[in-house]
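Notes follow once the structure below has been shown.
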Amino acid sequence: MTEQMILRIEDLYKSFGDHEVLKGISLSLNKGETKVVVGPSGTGKSTMLNNINMLIPPDQGRIYLEDVDVTTTTDLTKIRQEIGFVFQDFGLFDHLTARDNVMIGLTRVKKMAGKEAAELAMLELRRVGLEKHAGQYPAELSGGQKQRVGIARALAMQPKLILFDEPTSALDPELIGEVLTVMKNLARDGMTMLIVSHEMGFARTVSDQIIFMENGVIVEQGSPEQLFNNPQQERTREFLFKLTDLYGEGGG
Amino acid sequence: MEGALVTLRLFIAGLGLGVVLGIPLAFGQIYGNKLIRGLIAVYERVLRSIPLLVILFLLYYGLPLLGIRFPPMVAAILGLGLRSSAYQSQIFRGAILSISESQLKAALSLGMTGIQAFFHIILPQAIRIAIPPFANEAAIVLKDTSLAYALGVIELLRQGYYVMTNTAEPLAVFVAIGAIYFVMTVSINTGLARVEKGLKIPGIGVEEGIG
Ligand SMILES: Nc1ncnc2c1ncn2[C@@H]1O[C@H](COP(=O)(O)OP(=O)(O)OP(=O)(O)O)[C@@H](O)[C@H]1O
Ligand SMILES: [Mg+2]
């Protein structure tokens, strides 16, 4: 079977002022793969994700979505439709119901007819187990439900890839599971996902690869077994050990 | 009664001018470069720090020395409008900035343009957030129309004054004048409160205290 490359990042650099945050990041994702990025705070994980859909343009390097170079494309809004983004603090539109949050990209960006968009929105809400909450506003939803709406909103655009930036770290512990379950189902259904998360149980059982990033570089990447059982770098062992200690194995 | 109409005209034109100037000022403060932001900050600080009566005198008695002459009514509207624009710009700016950055990022990452994100995401929320302070500002502008008295505009207060000199009934006349202002202010506030209620969405605005 030939693997179809969805995302390829080559030698990404990014500085804020004279603070160099990303120092040559390269990675790639094939269709249907799930990769989890871990690393200490301030390492540049969020910056890297924001580079991928050009919310923060990189200084140097290339980013390919399939065969389109995202860094030089003339139609950024088109590219962004193809890259889902799920935020730590949800980023739901507070003046719209759950359904309308999921719909608005379809009607306003894809110019889909209202009825068709509403049907698709309900389909995606059902997929994350929220069809009963379609008429509720974000303020009326729990954190876990908000994040599931956030995921449904991304899914509705039929993206080629979804980026997750610590999707569960703003949640109360008892609400993390419901979000991880949805993500696990997506992985099983063949969605291509790049996930920044410290949920080690999830990373271990669901991801195809774990990417350990520190100080703007990728220290090591490999299958969960390899990184947990036979890491090449002492630093990887240390960090993963500490994380597993902190967050436990739960949620997988 | 004619005086009441003049007062209403002053109010609508003054508040309207405040909106028309206040919105671009708010934009300039948020999206402008350093120079624009600095100039707007000075403009606002000056207009908010000078009594309205002084602003009116400057416009009416001061500007003619520079060759710019306005009829009293126009000077009064300008004064009310300029001063109100300084406050309104703060109201609009606050409302726009109170919408989380992550909602803007989410809108852009769906593929919206900046303009779409503004009109579909930021504006509908900002309007709701701005209504209560805007109602407050409207009440202030309405009451301050009475300062046009000092430029000789025959608005509600001055007309009341004429009636008083004719009837020698100061108590009755000024109670009536006060009552008219009261009714106008209350109508404006209830009108805007009704708009606010009509647009109410859970989680947006202050009453509920949740976000
Ligand atoms: N817009 C910005 N302007 C200046 N510095 C920034 C900006 N965004 C991020 N930084 C800095 O870049 C560094 C990397 O930030 P980033 O958010 O990418 O880290 P992270 O790995 O996601 O960390 P965390 O785990 O805390 O989310 C940090 O030192 C941060 O202070
Ligand atoms: Mg981050």
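Given region A:157-220, what strands (runs of 3 or more DSSP E) lie entirely inside it while holding 2 or more residues that are over 30 Å from A:Met122 (Cβ atoms) and either more than 16 Å from ligand 2 (Cβ to nearest atom) or open to solvent by 40 Å² or more (accessible area, probe 1.4 Å) (or both)?
On the way: elements: A:161-165, A:193-196, A:209-214.
In region A:157-220, A:209-214 are the strands (runs of 3 or more DSSP E) which contain 2 or more residues that are over 30 Å from A:Met122 (Cβ atoms) and either more than 16 Å from ligand 2 (Cβ to nearest atom) or open to solvent by 40 Å² or more (accessible area, probe 1.4 Å) (or both).
With B:Val186, B:Val141 as the choices, which residue is surrounded by fewer than 17 Cβ atoms within 10 Å (Cβ to Cβ), more than 14 Å from chain A (Cβ to nearest Cβ), modelled with pLDDT of 95 or more and part of a helix (DSSP H, G or I)?
B:Val186
Return yes or no: is A:Gly24 more than 16 Å from ligand 1 (Cβ to nearest atom), at pLDDT 95 or above and either more than 13 Å from chain B (Cβ to nearest Cβ) or under 22 Å from A:Thr168 (Cβ atoms) (or both)? Steps first, answer last, please.
Details: more than 16 Å from ligand 1 (Cβ to nearest atom): no; at pLDDT 95 or above: yes; either more than 13 Å from chain B (Cβ to nearest Cβ) or under 22 Å from A:Thr168 (Cβ atoms) (or both): yes.
No.
Does any residue of region B:93-100 turn out to be within 11 Å of another protein chain (Cβ to nearest Cβ) and assigned to a helix (DSSP H, G or I)?
No; the residues of region B:93-100 include none that is within 11 Å of another protein chain (Cβ to nearest Cβ) and assigned to a helix (DSSP H, G or I).
Out of all the residues in region A:117-130, which are of a type in the set (D, E, K, R) and open to solvent by less than 70 Å² (accessible area, probe 1.4 Å)?
The answer is A:Glu124, and nothing else.
Kindly indicate the residue of region A:11-21 that is surrounded by fewer than 16 Cβ atoms within 10 Å (Cβ to Cβ) and free of Cβ contacts under 8 Å to residues at least 60 places away in the same chain and also farthest from ligand 1 (Cβ to nearest atom) among those meeting that condition.
At the first step, the residues of region A:11-21 found to be surrounded by fewer than 16 Cβ atoms within 10 Å (Cβ to Cβ) are A:11, A:15-20.
So of that shortlist, the ones also free of Cβ contacts under 8 Å to residues at least 60 places away in the same chain come out as A:11, A:15-19.
Working: A:Asp11: 17, A:Ser15: 9, A:Phe16: 3, A:Gly17: 7, A:Asp18: 11, A:His19: 6 Å.
Per the criteria, the residue is A:Asp11.
Could you grab me the full set of residues in region A:77-116 that are open to solvent by 50 Å² or more (accessible area, probe 1.4 Å) and part of a helix (DSSP H, G or I)?
A:Lys78, A:Arg99, A:Arg108, A:Lys115, A:Glu116
Within region B:111-122, which residues are open to solvent by 50 Å² or more (accessible area, probe 1.4 Å) and more than 10 Å from chain A (Cβ to nearest Cβ)?
Hit for region B:111-122 is B:Ile115, nothing else.
More than 19 Å from A:Glu82 (Cβ to Cβ) and not small (Gly, Ala, Ser) - does that describe any residue in region A:151-162?
Residues of region A:151-162 that are more than 19 Å from A:Glu82 (Cβ to Cβ), as a first pass: none.
The answer is no; no qualifying residue exists.
Quick check: anything in region B:65-82 under 28 Å from B:Leu8 (Cβ atoms), without any contact (Cβ under 8 Å) to a residue 60 or more places away in the chain and within 13 Å of chain A (Cβ to nearest Cβ)?
no
Considering (1) touching an Asp or Glu at 6+ places or on another chain (Cβ under 9 Å); (2) away from ligand 2 (no atom under 16 Å from the Cβ), say which one A:Met103 fails and leave the rest.
The failed condition is (1).
Run A:Leu49 past the list (1) over 23 Å from A:Lys23 (Cβ atoms); (2) within 14 Å of chain B (Cβ to nearest Cβ); (3) touching a residue at least 60 places away in the same chain (Cβ under 8 Å) and report the number of the one that doesn't hold.
Single failed check for A:Leu49: (1).
How many of the residues making up region A:22-41 are within 15 Å of ligand 2 (Cβ to nearest atom) and either assigned to a strand (DSSP E or B) or open to solvent by less than 20 Å² (accessible area, probe 1.4 Å) (or both)?
6
Kindly list the number of the only condition in (1) more than 16 Å from ligand 1 (Cβ to nearest atom); (2) of a type outside the set (A, V, I, L, M); (3) at pLDDT 95 or above that fails for A:Asp59.
That leaves (1) as the condition not met.
Exactly one of (1) within 25 Å of B:Ile204 (Cα to Cα); (2) surrounded by 14 or more Cβ atoms within 10 Å (Cβ to Cβ) is unmet by B:Tyr31. Its number?
(2)
For region A:42-51, does any single residue satisfy the condition of being more than 15 Å from the chain's Cα centre (by Cα) and either within 16 Å of ligand 2 (Cβ to nearest atom) or open to solvent by less than 40 Å² (accessible area, probe 1.4 Å) (or both)?
We begin by selecting, within region A:42-51, every residue more than 15 Å from the chain's Cα centre (by Cα); these are A:42-43.
Add one more test, that the residue is either within 16 Å of ligand 2 (Cβ to nearest atom) or open to solvent by less than 40 Å² (accessible area, probe 1.4 Å) (or both), and what stays is A:42-43.
Looking for residues that are more than 15 Å from the chain's Cα centre (by Cα) and either within 16 Å of ligand 2 (Cβ to nearest atom) or open to solvent by less than 40 Å² (accessible area, probe 1.4 Å) (or both), one finds at least one in region A:42-51, hence yes.
Tell me whether region B:45-55 contains one or more residues that are open to solvent by less than 50 Å² (accessible area, probe 1.4 Å), of a type outside the set (Lys, Arg), assigned to a helix (DSSP H, G or I) and closer than 14 Å to B:Phe92 by Cα.
no
Checking A:Glu116 against (1) within 14 Å of chain B (Cβ to nearest Cβ); (2) away from ligand 1 (no atom under 16 Å from the Cβ); (3) of a type outside the set (A, V, I, L, M, F, W, C), only one condition comes out false. Which one?
In the conditions (1) within 14 Å of chain B (Cβ to nearest Cβ); (2) away from ligand 1 (no atom under 16 Å from the Cβ); (3) of a type outside the set (A, V, I, L, M, F, W, C), A:Glu116 misses (1) alone.
Kindly indicate whether any position in region A:136-144 is within 12 Å of chain B (Cβ to nearest Cβ) and without any contact (Cβ under 8 Å) to a residue 12 or more places away in the chain.
Scanning region A:136-144 turns up at least one residue that is within 12 Å of chain B (Cβ to nearest Cβ) and without any contact (Cβ under 8 Å) to a residue 12 or more places away in the chain.
Against the definition (of a type in the set (Lys, Arg), part of a helix (DSSP H, G or I) and open to solvent by 70 Å² or more (accessible area, probe 1.4 Å)), how does B:Arg194 come out, yes or no?
Spelling it out, B:Arg194 is indeed of a type in the set (Lys, Arg), part of a helix (DSSP H, G or I) and open to solvent by 70 Å² or more (accessible area, probe 1.4 Å).
Could you give me the residue pairs with C-beta distances under 8 Å whose first residue belongs to region B:182-207 and is under 18 Å from A:His95 (Cα atoms), whose second residue is among the acidic types (Asp, Glu) wherever it lies, and which are 6+ apart or on separate chains?
Partner pairs satisfying both residue conditions: B:Ile201/A:Asp94; B:Pro202/A:Glu140; B:Pro202/B:Glu208; B:Gly203/A:Asp94; B:Gly203/A:Glu140; B:Ile204/A:Asp94; B:Gly205/B:Glu196.
Specify the residue that is farthest from A:Met191 (Cα to Cα); the eligible residues are those in region A:60-85 that are within 14 Å of chain B (Cβ to nearest Cβ) and touching a strand residue (DSSP E or B) at 6+ places or on another chain (Cβ under 7 Å).
Out of the qualifying residues, it is A:Val70.
The values are calculated or read from the model by the stated rules, or taken from the named source; none is laboratory data. Note that the structure is predicted; figures quoted are calculated from it, not measured. Using ideal geometry, Cβ is built from the backbone for each residue, glycine included, and neighbour counts are taken over all protein chains shown. The area values use the complete protein model at the heavy-atom level, side chains included, leaving out ligands, DNA and RNA. Shrake-Rupley method; radii C 1.70, N 1.55, O 1.52, S 1.80 Å.
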